[in-house]
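The structure appears below as structure tokens.
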Amino acid sequence: MVVLGVTGGIASGKSTVGRLLQARGAFVIDADQVARELLAPGQGLTEKVIEAFGEAVRRPGGSLDRVAVARIIFADPQARERLNRITHAPILAEIEKRIERVLRSPAPPPVVAVIVPLLFEAGVERLVDKVLVARAEETEQIRRLCERDGLSEVEARQRIAAQMPAEEKCRRGDWVVDTTRGEVATEAAVDAVWRELVGPGPAAATS
């Protein structure tokens, strides 16, 4: 079994790559989903974040206002670092626990794909065997962010600039899948990676 890290910049197509890998038989662990679970209302980690950033980031019912937190951390590198110090260790520990659980299962999948936006920055690469980097042209990232999250172009550029440069991620990865040209081209690239990971054979149906 191969543990594959999937990373890339914001709006680079990581979720699409993860979905395509899952359709081919991979077990997917999404760091964003892990974070949502650990930052649910009433969780200790949620309260630590609210304590660090103030009641303004608490929504009615006790949930974390992720939009408010994002607005703060993408405008302030020190705030971003403070959030990372609070959240990275528990999220990393939970990801490691889930990988181990899959490894110990009676019939483990051929690939465990761990989707982590800050894989290199958070040291998650020590948990994986190989790394796939999803990338998209910056103009496409901006388009996706404006459409998906309702950001202005200035806000989109700010968020892209706050992350490790795409060129550096690509340099450190084992594979790069460019999602700029759409799903058909992305699927063909994922198929090529899958064949290298598990060998030749028919891919699972993607419908």
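Remarks
- Restricting attention to segment 175-190, the residues being surrounded by fewer than 15 Cβ atoms within 10 Å (Cβ to Cβ) and either among the basic types (Lys, Arg) or under 20 Å from the mean Cα position of the chain (by Cα) (or both) number 3.
- For residue 118, the stated conditions hold: it is closer than 19 Å to residue 169 by Cα, surrounded by fewer than 19 Cβ atoms within 10 Å (Cβ to Cβ) and among the aliphatic types (A, V, I, L, M).
- Single match in 107, 93 (criterion: small (Gly, Ala, Ser), at negative phi, surrounded by fewer than 17 Cβ atoms within 10 Å (Cβ to Cβ) and outside any helix (DSSP H, G or I)): 107
- Residue in segment 127-147 that is surrounded by the most Cβ atoms within 10 Å (Cβ to Cβ), counting only those that are more than 16 Å from the chain's Cα centre (by Cα) and in a helix (DSSP H, G or I): 142
Matching residues to (1) at pLDDT 95 or above; (2) over 18 Å from residue 30 (Cβ atoms):
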residue: 57; (1), (2): yes, yes
residue: 63; (1), (2): no, yes
residue: 70; (1), (2): no, no
residue: 83; (1), (2): yes, yes
residue: 90; (1), (2): yes, no
residue: 95; (1), (2): yes, no
residue: 98; (1), (2): yes, no
residue: 102; (1), (2): yes, no
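- In segment 55-77 there is no residue matching the filter, namely being basic (Lys, Arg), in a helix (DSSP H, G or I), farther than 24 Å from residue 131 by Cα and touching a helix residue (DSSP H, G or I) at 6+ places or on another chain (Cβ under 7 Å).
- Within segment 13-49, the residues that satisfy the criterion of being of a type in the set (Lys, Arg) and farther than 22 Å from residue 179 by Cα are 36, 48.
- Residues that are surrounded by 13 or more Cβ atoms within 10 Å (Cβ to Cβ) and either out of contact with any strand residue (DSSP E or B) (no Cβ under 8 Å at 6 or more places or on another chain) or under 26 Å from residue 110 (Cβ atoms) (or both), drawn from segment 42-58: 43, 45, 47, 48, 52, 53
- Single match in 135, 143, 195, 171 (criterion: at pLDDT 95 or above and touching a helix residue (DSSP H, G or I) at 6+ places or on another chain (Cβ under 6 Å)): 135
- Of all the listed residues (3, 34, 28), the sole one being touching a Gly at 6+ places or on another chain (Cβ under 7 Å) and not in a loop (DSSP other than H, G, I, E, B) is 28.
- Residue list for segment 111-126, filter: in a loop (DSSP other than H, G, I, E, B) and either within 11 Å of the chain's Cα centre (by Cα) or closer than 24 Å to residue 155 by Cα (or both): 116, 117, 118, 119, 120, 121, 122
The values are calculated or read from the model by the stated rules, or taken from the named source; none is laboratory data. What you see is a predicted model, and the numbers here were worked out from it, not measured in a lab. Note: ideal-geometry Cβ built from the backbone for every residue, glycine included; neighbour counts use all protein chains shown.
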